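J.: One structure, as structure tokens, below. Some questions next.
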């Protein structure tokens, strides 16, 4: 279903802010006196702390969203595939960086829109890319615009806009679209080619050309005629003011592409639906169209592998090459995917694997040092995550004193973050419609990077608190601030005037993007896909704990979708999407135009492999969907490393335990598990419990789904263990796909071997 456009809590918070403004307090970042905007028991500020900054260009100057007057005040979806159009990272470039819609790539320039079809991979050691090379520049004769701005956007399309003294030009482009839809005034349609084109079809208003080894079709209004003069192509579009261009998968497709050439895409929408009884989630991707001539309102769209693998809709035989693998073409304005929902748990089930005395000692050690110091948003988040993972373990072994001590530490520090005016806190920027935590980190303030990474830890930790203290999580208490962070990073409402729809998550690409400005030749990027799914898991648990099925179902959709994107594009699970001559079977970073076996900070293989695993939580179980990919991943790591890992090894043992827990336990036992300081987001209580539990019950069996999003099955090859958590006030019977029914008491976890 389409999520409601104005959730009650969002409206409540807007009324709170409006009442504050009516009381005489300005709500503008940078105002002379800071205002604290109350949200339940907490608050955020409208003014950055002294000495801090917001979004800047590369010269250190403040930047504002570059949108047309028609879009002024509309929340800007930063962290998207096209964000360089609105966030001008480079002071000397008022247009854009290359933007990769797939199959086409684009770049805004003074004369209009560069268009290319990146169909050839360039492999350079640890990285591969399909670079943007302009075959065409689309515009209007005489256009020389001083800049380009965004004049509209939807879930995966955007409309760049150019204007000078005598011309306007507007293009609509999108993920999966083989077309560019152009609107122009002030002159003839003009297309400049990178070299003199080969004309293979000339039918008046339709022209087929080949440039740079790629076939394109040009469509002017009926009655117009394309004129070719060297590398300049023009058509008189008169009062119609429109034309379209398509990249063809084959010259034989020209007639079909002409059929849809005048059905202009005007918007795009994804609707998701959690099929709880079936343990599945479906999503329908729909393009809105308008017939510029004739009556045809259908269209063509190219699906990524993570989409066509799960779509029952018929596809054509036409294909495109992309940096994500083969894209397959569908006739029609919509298609639907359907996947198993990935179960999450607040913690692994009780078993006879861990030694209770050893585990209790590890838990007490965490409780004795439970502390989240004054740090930045990311490292404070890591500390929250470390503590939160131990709470269910302490509860499981009956150590309620340690459990409550850790919970109190989490709550105390979250409350400090959720209260304006202290050493830490959150600030709302009304120009960029974003909530930034200070102290900021890794460009979360200057570049609007990584909000979904950082806030994932807060949301998941708050969900653990909500499991034991529902009153704390009430919207009127501290839950309101948790939902402010959620709204900033993953707002499900499209018409909210305070935050954009799903800031970080690209619904068509199937995963999130980390860079707020997308200011790279390679497009946008995401490194730690696992910290992105950490937010999705947090949404599932927070929504379940608070009874917010909208946020729960959003998390289910995001997790299922990104899980498959990770399997396909980070781990190349089907071994079909990376270029054939690329020598790695996993990448640390996905870029719009390719991937890199690298991280931002190191070339150490252990961290390249580990960055898409941490944090390991009950939301990591989805990784076990492809155990062969885990095995290949870790085998490559050992080969690169010249032996077993020595850094982040506990993270990698936990990863291995999702496929081969016996081997993970052997590594733990033989390599001093518990004898050194683990990675900052981990504790020995959690590592030991994770490895020894999975060694006892087996890795997750993701083929056995359930009618609860907080349930999972595990199999050791002979015995299946069923586990679930019930967040509600009533007893719950969880039914698994194989017919097993697990009775779960209220506010409890339960497990059984069926």
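J.: Cα-based Rg of the range 315-472 per 2.2 N^0.38 Å, rounded to two decimals?
T.: 1.41
J.: Mind checking Rg over Rh on the range 356-700, alpha carbons, Kirkwood formula for Rh?
T.: 0.95
J.: Using the Kirkwood formula over every pair of different C-alpha atoms, what hydrodynamic radius in Å results for the range 80-340?
T.: For the range 80-340, inverting the mean 1/r across all distinct Cα pairs yields 18.8 Å.
J.: Same structure again: Per q in 0.13, 0.17, 0.18 Å⁻¹, report the Debye log10 I(q)/I(0) for the range 221-349, using one uniform scatterer on each alpha carbon and no solvent.
T.: The computed values of log10 I(q)/I(0) come out as -0.70, -1.01, -1.09.
J.: Viscosity 0.890 mPa s, temperature 25 °C: what is the translational diffusion coefficient of the chain from Stokes-Einstein with a Kirkwood Rh over Cα pairs, rounded to a whole number of µm²/s?
T.: After rounding, the answer is 92 µm²/s.
J.: In Å and from the alpha-carbon atoms only, list the Rg and Dmax of the range 190-229.
T.: 9.7, 29
J.: If packing is taken as the mean number of other Cβ atoms within 10 Å per residue, what is the order of 630-641, 552-563, 470-481, highest first?
T.: 552-563, 470-481, 630-641
J.: Please give the contour-minus-distance gain from residue 90 to residue 198: 0.36 nm per residue of separation, less the Cα-Cα distance, rounded to one decimal in nm.
T.: 35.3 nm
J.: Then there's this: When only alpha-carbon atoms count, how far does the range 641-726 stretch along each of its three principal axes, as whole angstroms with the largest first?
T.: Taking max minus min along each principal axis of the Cα atoms, the range 641-726 gives 41, 26, 20 Å.
J.: Given the C-alpha centroids of the range 196-234 and the range 142-171, what is the distance between them in whole angstrom?
T.: Spelled out, the Cα-based centre of one part sits 23 Å from the other.
J.: Show log10 I(q)/I(0) for the range 509-585 at q = 0.16, 0.23, 0.26 Å⁻¹, two decimals, from a solvent-free Debye sum over equal Cα scatterers.
T.: Debye intensities relative to I(0), on a log10 scale: -0.69, -1.04, -1.13.
J.: Can you tell me the FRET efficiency between residue 275 and residue 133 if r is taken as the Cβ-Cβ distance and R0 is 56 Å, rounded to the nearest 0.05?
T.: Efficiency computed from Cβ-Cβ geometry: 0.80.
J.: Compute the FRET efficiency between residue 165 and residue 316 as 1/(1 + (r/R0)^6), taking r as their Cβ-Cβ distance and R0 = 45 Å, and round to the nearest 0.05.
T.: The calculated FRET efficiency here is 0.55.
J.: Further question: For a paramagnetic label modelled at 7 Å from the Cα of residue 680 toward its Cβ, which residues of the range 344-388 fall within the zone defined by backbone nitrogen distances under 18 Å?
T.: 370-388
J.: How many percent of all Cα-Cα pairs in the range 444-485 sit more than 17 Å apart?
T.: 35 percent
J.: Starting with the highest mean, order 298-309, 508-519, 125-136 by the number of other Cβ atoms within 10 Å, averaged over the residues of each peptide.
T.: With the highest mean Cβ count within 10 Å placed first, the list reads 508-519, 298-309, 125-136.
J.: If you line up the Cα atoms of the range 404-504 on their principal axes, what length do they span on each, largest first, in Å?
T.: Answer, in whole Å and largest first: 39, 28, 22 Å.
J.: When the convex hull of the Cα atoms of the range 104-193 is projected onto a plane and the area is averaged over all directions, what value comes out in nm²?
T.: Answer in nm², one decimal: 6.6.
J.: Based only on other Cβ atoms within 10 Å, what is the fewest-to-most ordering of 455, 262?
T.: Going from sparsest to densest Cβ surroundings: 262, 455.
J.: Where does each of 468, 181 land when they are ranked from fewest to most other beta-carbon atoms within 10 angstrom?
T.: Arranged by neighbour count, lowest to highest, 468, 181 become 468, 181.
J.: When the C-alpha atoms of the range 273-351 are aligned to their principal axes, what extent does each axis show, in angstrom, from largest down?
T.: 65, 27, 18
J.: From the alpha carbon gyration tensor of the range 703-754, can you work out the equivalent ellipsoid semi-axes (sqrt of 5 times each eigenvalue) and give them in Å, largest to smallest?
T.: Those come to 19, 10, 8 Å.
J.: Assuming a viscosity of 0.692 mPa s and a temperature of 37 °C, what translational diffusion coefficient in µm² per second does Stokes-Einstein assign to the range 476-611, Rh being the Kirkwood radius over Cα pairs?
T.: Diffusion coefficient, whole number: 205 µm²/s.
J.: Please order 701, 660 by the number of other Cβ within 10 Å, starting at the fewest.
T.: 660, 701
J.: Okay, next question. Over the range 302-404, calculate the relative contact order: mean separation of alpha carbon pairs under 8 Å at least 6 apart, over the residue count, as a percent.
T.: With pairs under 8 Å counted, the relative contact order is 21 percent.
J.: Moving to a separate point now. Step by step: find N for the range 117-165, compute 2.2 N^0.38 Å, then divide the Cα radius of gyration by it. What's the final number?
T.: Dividing the Cα Rg of the range 117-165 by 2.2 N^0.38 Å gives 1.64.
J.: So what is the relative contact order of the chain, in percent, for Cα pairs below 8 Å that sit 6 or more residues apart?
T.: 14 percent.
J.: How big is D, in µm² s⁻¹, for the range 223-271 by Stokes-Einstein at 20 °C and 1.002 mPa s if Rh is the Kirkwood radius over C-alpha pairs?
T.: It comes out at roughly 160 µm²/s.
J.: So for the range 451-554, averaging the separation of alpha carbon pairs under 8 Å that are six or more residues apart and normalising by length, what relative contact order in percent results?
T.: Relative contact order comes out at 34 percent.
J.: Once each part is reduced to its C-alpha centroid, what is the distance from the range 313-350 to the range 429-480 in angstrom?
T.: Taking the Cα centre of each part, the range 313-350 and the range 429-480 sit 29 Å apart.
J.: Quick one: if you take sqrt(5λ) for each eigenvalue of the C-alpha gyration tensor of the range 605-754, what semi-axes come out, biggest first, whole angstrom?
T.: Calculated on Cα positions only, the semi-axes equal 30, 16, 13 Å.
No lab work stands behind these numbers, since they all come straight from the coordinates. Note that the structure is a prediction, hence the values are computed from the model and not measured. A quick note on method: Cβ atoms are made from the backbone with ideal geometry, for glycine too, and the neighbour counts reach across all protein chains shown.
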